[in-house]
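S.K.: Below: one structure in structure tokens.
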Amino acid sequence: MIFTVAIDGPAAAGKGTISRAVAERFGFGHLDTGLLYRAVGAKGGDPVAVARALTPGDLERGDLRTLEAGQAASRVAVIPEVRAALVAFQRKFARREGGAVLDGRDIGTVICPEAEVKLYVTASAEVRAHRRWLEVGGDEARVLAEVIERDRRDAERAVSPLRVAPDAVRLDTSELSIADAVAIACDIVAKRLG
Ligand code: DC
């Protein structure tokens, strides 16, 4: 069975949590596509060459979840050749046998426009910054400023900017518990699976 769940949205909206839960519930593979850009940004050097030579081992680094890695990722993600180098791997994963959940910024719009389910997961910038701050600590105002800066860069870039696909279901998690958001997402997938 080929079945793709595309989950897009801004940083720290809950995409990762929802994606992992949906993948586990339905036995689908899961790819956090942000990790690809984080790994490219973290390696340093020429980002295009790094993206072209990226290996699964590069995704295992322990420092990919930091704020700095997120900023570096969003900077290399504006480079068209970096995005192009990562497309084939993501498309192949999306159409793998047995079902797949991919979360990112452009999954439903560019990587897999034919996805069977598209969700756009979002929340207010303040709520997202608060959640990220609970994970990373430090100064909450700085975390909010970074979230806003990353939103702007991700939405304004020329190639594959963050957009809501016309056929995506919008899920605002600002006032939802994790359990409720996961339940809504699983319901949508279950209905589409029939
Ligand atoms: O989802 P994340 O915070 O791990 O993503 C880090 C950065 O990578 C994000 O700011 C923009 C970029 N990204 C992207 O351009 N396209 C994707 N599909 C996923 C992430």
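S.K.: In deg cm²/dmol, rounded to 500, what helix-only [θ] at 222 nm does the chain give when every DSSP H run of at least 4 residues adds -39500 (n - 2.57) and the total is split over its residues? Before the final figure, lay out the partial values.
M.R.: Working: 8 runs with 98 residues, N = 194.
Computed mean residue ellipticity for the chain: -16000 deg cm²/dmol.
S.K.: Residue by residue through the stretch 109-123, what is 3J(HN,Hα) from phi via Karplus (6.51 cos²θ - 1.76 cosθ + 1.60, θ = phi - 60°)? Round to whole Hz and write x for glycine and proline.
M.R.: Karplus values, whole Hz, x for Gly and Pro: 9, 10, 6, 9, x, 8, 3, 5, 10, 10, 10, 10, 9, 9, 6.
S.K.: Give the distance, in whole Å, between the Cα centre of the stretch 143-192 and the Cα centre of the stretch 2-61.
M.R.: A separation of 15 Å, based on Cα centres.
S.K.: Now a separate question. In percent, what relative contact order does the chain have, based on Cα pairs under 8 Å that are 6 or more apart in sequence? Write out the running numbers ahead of the final one.
M.R.: Values: 311 pairs, mean separation 67.2, N = 194.
The normalised contact order for the chain reaches 35 percent.
S.K.: Provide the per-residue ³J(HN,Hα) series for the stretch 16-33, in order, calculated from phi with Karplus coefficients 6.51, -1.76, 1.60 and θ = phi - 60°, each as a whole number of Hz, with x at glycine and proline positions.
M.R.: For the stretch 16-33, the Karplus-derived couplings read x, 4, 5, 4, 4, 5, 5, 4, 5, 4, 9, x, 8, x, 10, 10, 8, 6 Hz, x marking Gly and Pro.
S.K.: Which residues in the stretch 32-56 place their backbone N less than 15 Å from a point set 7 Å from the Cα of Val87 along the Cα-to-Cβ direction?
M.R.: Output list for this probe position: 52.
S.K.: What residues qualify as long-range amide H neighbours of Val101, i.e. H under 5 Å apart, gap of 5 or more or another chain, H built at 1.01 Å from N?
M.R.: The answer is Val5, Gly29, His30, Leu31.
S.K.: Let me ask something else about it. What ³J(HN,Hα) values, in whole Hz, does the Karplus curve 6.51 cos²θ - 1.76 cosθ + 1.60 give for the stretch 85-94 when θ = phi - 60°, with x put for Gly and Pro?
M.R.: 5, 9, 5, 4, 4, 5, 5, 4, 4, 4
S.K.: Separate question: Please work out how much length the chain gains when fully extended from Leu59 to Arg142, using 0.36 nm per residue of separation minus the C-alpha to C-alpha distance, in nm with one decimal.
M.R.: On the way: separation 83, 0.36 × 83 = 29.88 nm, distance 2.63 nm.
Full-extension gain reported as 27.2 nm.
S.K.: Apply the a/c threshold of 1.5 to the C-alpha gyration tensor of the chain and tell me whether it is rounded, prolate or oblate. Working shown, then result.
M.R.: On the way: a/c = 1.64, a/b = 1.12, b/c = 1.46.
Here the chain falls in the oblate category.
S.K.: Let me ask something else about it. Amide H to amide H, which residues 5 or more places from Asp172 or on other chains are under 5 Å from it, using H placed in the peptide plane?
M.R.: Thr122
S.K.: While we're here: Using 0.36 nm times the number of residues separating Asp167 and Val48, minus their current alpha carbon distance, what extension gain do you get? Let's see the in-between values first.
M.R.: On the way: separation 119, 0.36 × 119 = 42.84 nm, distance 3.17 nm.
Result: 39.7 nm gained on full extension.
S.K.: As a footprinting exposure proxy, order Ser174, Ser74, Ser19, Ser160 by other Cβ within 10 Å, with the fewest listed first. Please report the intermediate quantities before stating the final value.
M.R.: Numbers: Ser174 13, Ser74 23, Ser19 27, Ser160 20.
Neighbour counts put them in this order, fewest first: Ser174, Ser160, Ser74, Ser19.
Every number in this text was worked out from the coordinates using simple rules, so none of it is lab data. Source: prediction; values computed, not measured. Glycine also receives a Cβ, built like all others from the backbone with ideal geometry; neighbour counts cover every protein chain displayed.
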